Every structure is written in structure tokens, then in C-alpha cells.
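Below: one structure, written as C-alpha cells.
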Amino acid sequence: MIMTILEVVLFLATNALVSASISSCLHGDPCWPTSDTLRELSTNLTGSVLLSGDREWSSAIALKNKRLSIQPGAVVLCTTAADVVAALKFASHHGLALSVKSTGHCYSGNCIAPRSLHIDVSSLNSTIIDPINMVMAVGLLAGESAMFHLFTHASFKALLFLGSGAVIYA
């Protein structure tokens, strides 16, 4: 199932608003899932779930502003749109407070809520090309190389089309 970036963003925003208004179970509360339950979430992901004490924990919660130290309850490192959906469903099912980091430009620390389930989508940087339907999509954080890939592919297809038309016409 391929979700467009807009679908992911809308799903993310809708569920974040619903979760924030209905419940906000935080790490340390009796309603917070156990470590085993959180680790079980990672079996449904291509990304991973990090808990305090894990090797990558410090880099996952690091902020550009070194004076801030905000500790979420757990971090979900999403690498696909399906990971985002799975993390949001998990948070909704357990009534967890959410926070989301998208680009990493979180100098003021407002992207990480203390004791929340923190969803990190900064790895969504891929490109998708569907030549049959003539559709191209770019991930949220795709850089210049992704755009170069898309434009190169599109230019090649355009030149191929124009070249074959010239051969047929001749």
C-alpha cells in the first residue's frame, strides 16, 4: 500500500489532535505500556522502537539546542509511511500522548513532549516513481539528490518519448 505524503500528514495531524483531546497517557503513568509491549510494536515496523538505555537513545532525542534535555517515554524511528500509521494506531490504541519530529530543526524543543511517545519521521526521504501511471512522489525530507533523481528520470522519459516520436514521424 503506497500512501501519498499528504495522506500521511493528514493522518498524522488528525490522530495527533484526537489523541491530544481524548487522552494523554505519559511515561510513568499506570496506563503507559510495558517495555515488552513497546518492543512488540517494533515487529510491525521497518524502523525501530527505542527506549531509554538503548544505544541509539541519546542521538534519537538530541536537539540542536544543547541547553535543552527533554526525555520522551519512547521513540519510534519511522522509515516508511506504514511505520507512521502503525505508530499512530499503537498510540491511539493505548491512549498515549504524542510528539513528532519531522526535519530535526527543533531548536526550541517543541517537537518533543516530555514522557510522550515520540514519532521521528526524519528518515522519510525516499522517492517513488511509477512509470505506468506517470506519478512521482518525494518523501518529506528528500534532499537535492532525490529531486535530481526525479528530474533526471522525468527528463529521460520525456526525451525517450520525443525521440521515438521523431523516429516514427521520419
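The values are calculated or read from the model by the stated rules, or taken from the named source; none is laboratory data. Since the structure is predicted, the reported quantities are computational estimates derived from the model, not experimental observations. Counting neighbours? That spans all protein chains shown, and the Cβs are built from the backbone with ideal geometry, glycine included. Side chains are part of the model used for accessible areas, which takes the heavy atoms of the whole protein and leaves out ligands, DNA and RNA. Shrake-Rupley method; radii C 1.70, N 1.55, O 1.52, S 1.80 Å.
With the structure loaded, tell me whether residue 60 is surrounded by 12 or more Cβ atoms within 10 Å (Cβ to Cβ), under 15 Å from residue 121 (Cβ atoms) and at pLDDT below 85 or whether it fails that test. Here the answer is no, as residue 60 does not meet what is asked.
Is at least one residue of the stretch 79-97 at pLDDT below 90, under 17 Å from the mean Cα position of the chain (by Cα), of a type outside the set (A, V, I, L, M) and assigned to a loop (DSSP other than H, G, I, E, B)? Looking through the stretch 79-97, at least one residue is at pLDDT below 90, under 17 Å from the mean Cα position of the chain (by Cα), of a type outside the set (A, V, I, L, M) and assigned to a loop (DSSP other than H, G, I, E, B). Note on the stretch 113-128: among residues that are assigned to a loop (DSSP other than H, G, I, E, B) and either under 12 Å from the mean Cα position of the chain (by Cα) or buried (at least 22 other Cβ atoms within 10 Å of the Cβ) (or both), the one that is modelled with the highest pLDDT is 116. Annotation note: Cβ proximity below 9 Å between a residue of the stretch 66-85 that is farther than 12 Å from residue 124 by Cβ and a residue that is of a type in the set (Lys, Arg) and open to solvent by 40 Å² or more (accessible area, probe 1.4 Å) (sequence gap 6+ or interchain) occurs for 71/115; 72/115; 73/115. Taken over the stretch 22-57, the criterion of being in contact (Cβ under 8 Å) with a residue 24 or more places away in the chain, surrounded by fewer than 13 Cβ atoms within 10 Å (Cβ to Cβ) and part of a loop (DSSP other than H, G, I, E, B) is satisfied by 28, 31. Consider residue 101 carefully, then state whether it is free of Cβ contacts under 8 Å to residues at least 24 places away in the same chain, surrounded by 19 or more Cβ atoms within 10 Å (Cβ to Cβ) and either of a type in the set (D, E, K, R) or under 11 Å from residue 119 (Cα atoms) (or both). Judged against the criteria, residue 101 is a match.
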